[in-house]
1. Take peptides 30-41, 60-71 and line them up by average Cβ neighbours within 10 Å, highest first, as a rough protection proxy.
2. Length gain on complete extension for the stretch residue 5 to residue 20, per 0.36 nm per residue less the alpha carbon to alpha carbon distance?
3. How far apart, in nm, are two points set 7 Å out from the Cα along the Cα-to-Cβ line at residue 32 and at residue 52?
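Quick note: the coordinates plus some simple rules give every number you see, no bench work behind them. As the structure is a computational prediction, the values presented were derived from the model and not from experiment. Cβ coordinates were reconstructed from backbone atoms using ideal geometry, including for glycine residues, and neighbour counts include every protein chain displayed.
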């Protein structure tokens with residue numbers, strides 16, 4: 001009966017796992033990027049769900065995060081150096 005009950009802080013320390021590089025990076029990204037200001041700036045121009053139907057757009061916050069990640073991690077000049085292949089009746093050509 002002499003066991004001590006664990007508090008929330010004690011429980012977190014005993015079950016804590018090491019943060020991955022991804023978790024650390026995303027945490028830093030949350031601190032550095034002014035999300036609220038950017039979302040407020042872009043939101044009036046972002047497509048809305050249409051009354052005509054169709055696929056709804058992805059959430060703006062998700063698309064902004066994806067765009068920034070592509071800008072930060074896309075190798076410089078990668079898209080310029082890639083020559084698209086075009087399908088023709090005679091076969092593929094560049």
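1. Values: 30-41: 10.4, 60-71: 12.4.
By packing density, highest mean first, the sequence is 60-71, 30-41.
2. Values: separation 15, 0.36 × 15 = 5.40 nm, distance 2.99 nm.
Length gained between residue 5 and residue 20: 2.4 nm.
3. 4.0
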